[in-house]
1. B:GLY60 passes all but one of (1) assigned to a loop (DSSP other than H, G, I, E, B); (2) of a type outside the set (A, V, I, L, M, F, W, C); (3) touching a helix residue (DSSP H, G or I) at 6+ places or on another chain (Cβ under 8 Å); (4) open to solvent by 40 Å² or more (accessible area, probe 1.4 Å); which number fails?
2. Open to solvent by less than 10 Å² (accessible area, probe 1.4 Å), at pLDDT 95 or above and within 14 Å of another protein chain (Cβ to nearest Cβ): is that true of B:ASN103 in this structure?
3. Of everything in the stretch B:126-158, what is out of contact with any helix residue (DSSP H, G or I) (no Cβ under 6 Å at 6 or more places or on another chain), among the small types (Gly, Ala, Ser) and open to solvent by 20 Å² or more (accessible area, probe 1.4 Å)? Give them in sequence order.
4. Return the only residue of A:LEU105, A:LEU46, A:LEU101 being surrounded by 15 or more Cβ atoms within 10 Å (Cβ to Cβ) and more than 25 Å from B:GLU74 (Cα to Cα).
5. Quick one: is B:ARG125 modelled with pLDDT under 95 and on the phi < 0 side of the Ramachandran plot?
6. Scan (1) among the basic types (Lys, Arg); (2) closer than 22 Å to B:ALA131 by Cβ; (3) not in a loop (DSSP other than H, G, I, E, B) for the single condition B:ARG55 breaks and write down its number.
7. So which pairs qualify, if the first residue must be in the stretch A:30-49 and without any contact (Cβ under 8 Å) to a residue 24 or more places away in the chain, the second must be among the basic types (Lys, Arg) and open to solvent by 40 Å² or more (accessible area, probe 1.4 Å), the Cβ gap must be under 7 Å, and the two must be at least 6 apart or on different chains?
8. Give the residues of the stretch A:60-97 that are among the aliphatic types (A, V, I, L, M) and closer than 20 Å to B:ARG157 by Cα, sorted by residue number.
Amino acid sequence: MKLVEIVERLDLKVHCCRDQLDGDITRGYASDLMSDVIAHAQEGDLWITLQVHLNVVAVAAMKSLNGVVFINGKEPEPETLDRAREEGIPLLTSGLPAFELIGRLYGMGIRGAGR
Amino acid sequence: MLTEHHVDLHVHTCLSPCADADMIPPAMVRRARECGLSVIGVCDHNSGENVRAVREAAEGKPVVLGGMEVNTREEVHLLALFGDQEALEKLQELVYRHLAGWNRADLFGEQYLVDREGYAVGINRRLLIGAADLSIDRVVAEVHGLGGLAIASHIDRPSYSVISQLGTVPPSLAFDALEVTGAGPFAREPCDLPADQPPGLRPAPLVCFSDAHRTREIGLRSTSMLLAEPGFEEIRRALRAWSGRRVLRRNTRS
């Protein structure tokens, strides 16, 4: 499904790149370790994390991810936001904790394994 | 005779991808001298390859301690500082063996190897921003085994700190010092406990360094210590409050 539909259905706050929400999301990846995302995330994934620092955007760009959702209402740091605009990576926030958010995404057909 | 020395043991160079290209030895030395620093610690991410160049440029003023900021498996940052080059190189070899991946300079920044004049002599292609596949326990043990100092980096930061990643400063990790930023919850804590605390129970002193990623940041935060002379062994003694040496004060400038 398109990221914009996920945004609407889960009432995610959009921090930037509002015009770049047309990416197709079929898979998600959840991790708070940059090294883990670098090793295991796949191109096009939606990344669920609580990390809001600058490296999140660099790693998302490195892995060509389709967007990052911050959980527990966390907001990106200013430098993170600036960088995301530069790289064209949508940054979103959910007020939900990770487990609940991911469960709902799974219920919408987003998977974490395979392609 | 013990005198007061200002030290900044957390300074990056242009080798760290997130540091400015202006972090070259001559500029760093000039700035350190302007700030009245007796000792600086050169700590690039997962690498010590620019240490020698900075030390040569400094010609003893300031004294340059060689080290690196290791990024552990848990993504905790710690400073590993050494009194001798050989020990630094042994840690380097261990870290490189456990560090996977290649840098994306377009995303993380370039990683310049430079000489004492600041001319680029090469590029480090490893993913220095990555996490070495070494636990924090292992890194602390290895650093101590090599005779070095292990200082937990910026413990009050919300990322890459022992508290952000592990939730606490585990008592089992024998850090020689804990680096705090100037503000934050540790601002009013004293540097050290009174000297009458039994050595085994004395917690690690709180210190403050710049974590400079650009030249103008060098010395913005520093730690004043009472030392017989500026150097590695004296700093080790001060961190242990041994025989009159001690950590006096954390300094922050705006």
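The values are calculated or read from the model by the stated rules, or taken from the named source; none is laboratory data. Predicted model, so just to flag it, every value in this text is computed and none were measured. FYI the Cβ positions are ideal-geometry reconstructions off the backbone, even for glycines, and counts take in every protein chain you see. Areas reflect the complete protein model, heavy atoms only, side chains present, ligands, DNA and RNA absent. Shrake-Rupley method; radii C 1.70, N 1.55, O 1.52, S 1.80 Å.
1. (3)
2. On the way: open to solvent by less than 10 Å² (accessible area, probe 1.4 Å): no; at pLDDT 95 or above: yes; within 14 Å of another protein chain (Cβ to nearest Cβ): yes.
When the stated conditions are applied, B:ASN103 does not pass them.
3. Answer for the stretch B:126-158, where residues must be out of contact with any helix residue (DSSP H, G or I) (no Cβ under 6 Å at 6 or more places or on another chain), among the small types (Gly, Ala, Ser) and open to solvent by 20 Å² or more (accessible area, probe 1.4 Å): B:SER135, B:ALA141, B:GLY145.
4. A:LEU105
5. On the way: modelled with pLDDT under 95: no; on the phi < 0 side of the Ramachandran plot: yes.
Considered against the rule, which asks whether it is modelled with pLDDT under 95 and on the phi < 0 side of the Ramachandran plot, B:ARG125 comes out as no.
6. Of (1) among the basic types (Lys, Arg); (2) closer than 22 Å to B:ALA131 by Cβ; (3) not in a loop (DSSP other than H, G, I, E, B), only one is false for B:ARG55: (2).
7. From residues that are without any contact (Cβ under 8 Å) to a residue 24 or more places away in the chain, the pairs are A:GLU43/A:LYS63.
8. Selection gives A:ILE71, A:LEU81.
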